[in-house]
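Written out below as structure tokens is the structure these notes cover.
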Amino acid sequence: MTLTLAMFMLPAALTMPVAQAAEPPPGDDPFYAAPADLASHPNGAVLGTRTIPVLGLPIPVAAWQLRYRTTDSEEHPQLDVTTVLVPPVPWSGPRPVLSYQVPENSLDTRCAPSVTLRGGSDTDMTRIMQDAPFIGEALRRGWAVVVSDYEGPQSRLFDGVTSGRGVLDGIRAARSFPPAGIDAASPIGAFGYSSGAFATLWATQLRREYAPDVRFVGTSAGGIPTDIPTMAQLADGAEGAILILLGLARNEPASRLADLLNDEGRRALRAAGTSSCGADMAQKYSDIHVDDFATVPNLLAHPAFRNAARPNELGRTTPDTPLYLYHSVTDEKIPVAGYTALVDTYCAQGATLTAIHSLFPTHIGAAAGEALGGLNFLADRFAGTPQSPGCVVR
């Protein structure tokens with residue numbers, strides 16, 4: 001009864017300004033500061049812990065935040081934070097663990113899930129509100145939930161390797177934290193939508209080479225960002241295109257994409273780390289096109305932009321875990337053609353997957369309409385029900 005109440009309280013709490021105002025942003029919070037000996041610790045090592053009230057409210061769910069070491073795409077050690085939620089539901093045997101990747105469309109750590117989940121001040125709280133019912137459903141089922149800040153301390157949007165490694169090491173950290181009651185015997189599933197799906201699938205692709213000790217029994221992902229240049233072109237004139245441009249310019253200096261920014265673009269890039277939550281960008285750059293920030297025409301088709309996007313595209317490696325993927329055929333943010341191509345690539349590489357071309361309209365519609373199918377797929381994997389090899393596409 002108390003957990004059912006908590007599930008309903010999660011989304012409602014996100015509208016309460018009192019709960020959102022007390023916590024400092026990561027730049028002012030010593031918990032996010034990397035220790036001087038960070039590089040000496042192994043990936044996934046827990047370097048500090050704290051308990052939190054979820055959303056700043058007395059919800060009956062045990063919640064901790066863990067600082068942990070990971071390695072970014074440039075092979076630099078970095079400190080990430082993960083939030084571990086455990087429901088007061090008895091479980092016979094190893095408790096399942098759901099690695100839940102919240103969509104984080106930002107270049108600013110104020111928008112990280114660890115901030116919003118503890119009730120921090122954030123102009124983009126609607127991102128968590130969309131996920132709260134599904135996190136609540138996972139907790140209702142008795143699963144532990146791990147929500148990592150996979151973009152890391154520089155909020156590296158659409159950095160595939162950094163995101164995937166952040167997810168994997170967040171699981172390692174949670175698994176080595178005794179109070180959570182999960183360990184190496186706990187089955188692990190991964191779930192994410194939109195930019196959360198991007199991180200989820202990158203983690204699934206990287207698992208074998210980077211974290212062979214982390215084994216997923218299944219992965220569910222929807223609204224999957226693919227063909228980043230086409231996605232940016234579709235979003236041009238909205239904050240999404242500017243987020244992608246500034247993120248790739250900052251993340252991929254070797255592409256020389258930043259050299260093609262004009263004065264306004266360079267000012268936006270310098271400010272990105274402190275004013276680039278999605279909601280900030282929507283207010284600040286409404287009706288701004290990418291070429292308004294560029295010294296060359298048609299920047300989104302320029303080789304520098306494509307070179308920055310290319311190493312972060314999904315599909316380079318075949319996931320070795322059963323997949324459940326879904327995408328609206330009328331997705332207005334991420335064209336379904338890229339999803340279909342990714343499914344074809346995974347199937348040609350021998351993946352085991354179920355792929356849904358969803359009839360739920362729009363990007364947000366498929367997020368709400370298909371999530372239960374994704375959670376049920378993972379519930380079957382947690383229960384030990386085998387998935388038949390091969391591809392089922394519908």
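Quick notes
- Summed over the stretch 146-171, residues that are outside any loop (DSSP other than H, G, I, E, B) and either among the small types (G, A, S) or surrounded by 24 or more Cβ atoms within 10 Å (Cβ to Cβ) (or both) total 14.
- Flag for A211 being touching a residue at least 40 places away in the same chain (Cβ under 8 Å) and touching a Lys or Arg at 6+ places or on another chain (Cβ under 6 Å): no
- The one condition in (1) touching a residue at least 60 places away in the same chain (Cβ under 8 Å); (2) crowded, with 17+ Cβ neighbours inside 10 Å; (3) under 21 Å from the mean Cα position of the chain (by Cα) that L300 fails to fulfil: (3)
- Filter result for the condition that a residue is touching a Cys at 6+ places or on another chain (Cβ under 8 Å) and in the same structural domain as W91 (by TED's automatic domain parsing), over L372, L353, L359, L378: L353
- L325 being in contact (Cβ under 8 Å) with a residue 40 or more places away in the chain, within 19 Å of the chain's Cα centre (by Cα), within 29 Å of E370 (Cβ to Cβ) and assigned by TED's automatic domain parsing to the domain that holds I188: yes
- Qualifying residue in the stretch 179-189 (condition: surrounded by 24 or more Cβ atoms within 10 Å (Cβ to Cβ), outside any strand (DSSP E or B), among the charged types (D, E, K, R) and in contact with a Pro (Cβ under 9 Å, 6 or more places away or on another chain)): no
- When each of P103, P60, P94, P88 is tested for being in a loop (DSSP other than H, G, I, E, B), within 24 Å of V214 (Cα to Cα) and in contact with a helix residue (DSSP H, G or I) (Cβ under 7 Å, 6 or more places away or on another chain), the lone residue that passes is P103.
- Search result, residues across the stretch 219-252 that are at pLDDT below 95, among the β-branched types (V, I, T) and over 14 Å from A309 (Cβ atoms): I242
- Residue match in the stretch 243-250 (condition: of a type outside the set (D, E, K, R), surrounded by 23 or more Cβ atoms within 10 Å (Cβ to Cβ), in contact (Cβ under 8 Å) with a residue 12 or more places away in the chain and farther than 21 Å from T109 by Cα): no
- Test: P96 is modelled with pLDDT under 95, under 22 Å from T204 (Cβ atoms), out of contact with any His (no Cβ under 7 Å at 6 or more places or on another chain) and assigned by TED's automatic domain parsing to the domain that holds R172: no
- Condition check for Q78: assigned by TED's automatic domain parsing to the domain that holds A367 and over 23 Å from P35 (Cα atoms): no
- Complete set of residues in the stretch 256-276 that are modelled with pLDDT under 95, exposed (fewer than 15 other Cβ atoms within 10 Å of the Cβ) and either in a loop (DSSP other than H, G, I, E, B) or among the hydrophobic types (A, V, I, L, M, F, W, C) (or both): T274
- In the set (1) within 19 Å of V102 (Cβ to Cβ); (2) crowded, with 23+ Cβ neighbours inside 10 Å, the condition left unmet by Y339 is number (1).
- Failed item, numbered, when L85 is tested on (1) at pLDDT below 90; (2) closer than 21 Å to A371 by Cβ; (3) in contact with a strand residue (DSSP E or B) (Cβ under 9 Å, 6 or more places away or on another chain): (1)
- Positions within the stretch 337-394 being modelled with pLDDT of 95 or more, of a type in the set (S, T, Y) and assigned to a loop (DSSP other than H, G, I, E, B), in sequence order: T352, T362, T385
The values are calculated or read from the model by the stated rules, or taken from the named source; none is laboratory data. Please read all numbers here as calculations on a predicted model, not as lab measurements. Cβ sites come from the backbone with ideal geometry, for glycine too, and all protein chains shown count toward neighbours.
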